[in-house]
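A short write-up of the structure that comes next.
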Amino acid sequence: MSLVIHTIKKEVRMKKFVVFALALFLVLPAISYAGSATSRYDVTITGYVGIDFGWVDQLQGGDAAVGLRDNAYGTTWRHNKSNFFSSAGNTQLGFLVKGPDGWGAKTSAYIEGDFRGITGTPRANQGIGPAGATGYSGAGVNTTGGTFSLRHAFMKFDWPGTSLTIGQTWQLFSLMPYSYGGVMLTYWGIAADMKGTRQPTIRIRQELPAGFSTTIGIISPYETIGAATNSTGVDAFSASNTPWTEFELAYNTKALGTIGPFGAQIAFDAMLGKARYIYTNPGNTGYSSQTTQAWGAAVKGYVPIIAAKGQSKANTLAMSGNLFTGQNMGWYMGPLFHGSWDRDQATTLQDYGTPVVTGGFASLSYYITDKVFVTGWWGQMRYAYSEAYRSAAWANAYGALHANNFQYMGYQILNLSYDVNPAIRLGAEVARIKTAWAGFVTAAGGMPAAGGTNVGGRQGHVDHFRVGAWYFF
């Protein structure tokens, strides 16, 4: 989490205007009336400079989400050759604005971005229409590293016991942000366990007696950041004409002690939505559509097993994790998402089925001293593909063989971090990501014939090692 050590003082109005206007000029398009806003409200600059260097044992970049197939004849030159990588794109810049009261609530706004250049989530099996149709929005990511990309842009209204959030921020469903915030170096390392992303949302949180709270809201069902998406994006989720609904019932207590600001928490989450697929009628007489359900259920928690004594975190131990299940969960699953598929590809009659995915993770974090701590993560996810899905040489509307869809992903990550001072953190990390695919492929990348030989393996893994440094401000 970003540490804030510099706040623009109200009384230095001209200096505040110059600093804020310059920052906006560097990272955002020109915004009208910026001067009047900064001359009236408190603005805090947040963020950090982040850089990492590393090595991966396959010819993949540092953000590799999956291991390439072992013994994959068409890609041997990549799967068993190592690669060096480095990046400063993880650097983040944000602005926190505290404004006047409204409707009796304290109001604030936050905007933040980074320079990774990632402006979308790589996804598969997201066709909305028949082969050759346009409007596919799961095209992947912007590969222009160093480009500023929006992460958060939201406003908040805080009443006693009630808060309203409107804008782009982390999802509610199954996310445990303080399980890895400011620590984990790998980007897609925990994609199997609802790392998710940030999307436009409207949600309201209500505190209840005895430490309970409930939150309900709607969130964009499709990826809104990226050239192929945003307000012009079209996919099976946007075509359903309904946003996703998120719900959470949570319990928080400090009776077990705290580590930093965090006490024990357990929460039960649910999400509900739809996807609509468009297909050609029999006889090519027009178009029809079929709707499939998107749903998810999860439980997540954080427990300070050995709580802090006083202000020091030395000799503290915390555990966190989640369990989830669902289907058609889109960007929640990041690059590991697979949705509905036509089970009757032999005819023009459509019969869509949707595989269920189940997964979870657990992590332990131990502070050796107040400044040195080690964190380990273990997790996995698996799709319940039918035998027909796995063994048939069928492709989705955009030509991606089901055999090349991920069925399983597991990971183990170990991270050592050292806080030099409140501004500087150093870290080192090792990670292994294991992958299994729905089926085998031939050397040419196609489906093997019955009894065929010379096929690529169904499994693969990739190992990372990296070191990094952050300077928080």
* Limited to the range 145-176, what total is found for residues that are aromatic (Phe, Trp, Tyr) and under 30 Å from residue 363 (Cβ atoms)? -> 3
* Asked: Just to be sure, is residue 133 within 20 Å of the chain's Cα centre (by Cα), at pLDDT below 85 and of a type in the set (A, V, I, L, M)?
  -> no
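Residue-by-condition table, conditions (1) farther than 30 Å from residue 157 by Cα; (2) surrounded by 15 or more Cβ atoms within 10 Å (Cβ to Cβ); (3) at pLDDT below 75:
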site	(1), (2), (3)
80	yes, no, yes
83	yes, yes, no
98	no, no, no
121	no, yes, yes
* Asked: Given the conditions (1) more than 19 Å from residue 339 (Cβ to Cβ); (2) at pLDDT below 80, and given that residue 264 satisfies all but one, which numbered condition is not satisfied?
  -> (2)
* Hits in the range 408-426 - residues which are in contact (Cβ under 8 Å) with a residue 24 or more places away in the chain, surrounded by fewer than 22 Cβ atoms within 10 Å (Cβ to Cβ) and closer than 12 Å to residue 470 by Cα -> 418, 419, 420, 422, 423, 424, 425, 426
* Taking the range 323-343, which residues are modelled with pLDDT of 90 or more and either of a type outside the set (A, V, I, L, M) or crowded, with 24+ Cβ neighbours inside 10 Å (or both)? -> 324, 325, 326, 327, 328
* To do: Tell me which residues, restricted to the range 52-63, are more than 20 Å from the chain's Cα centre (by Cα) and under 26 Å from residue 422 (Cβ atoms).
  => 53, 54
* Asked: Which members of the range 44-78 meet the condition of being surrounded by fewer than 18 Cβ atoms within 10 Å (Cβ to Cβ), over 25 Å from residue 110 (Cβ atoms) and at pLDDT 90 or above?
  -> 53, 55
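The values are calculated or read from the model by the stated rules, or taken from the named source; none is laboratory data. These numbers come from a predicted model, not from an experiment. Reconstructed Cβ throughout: ideal geometry from the backbone, glycine too, with neighbour counts over all protein chains shown.
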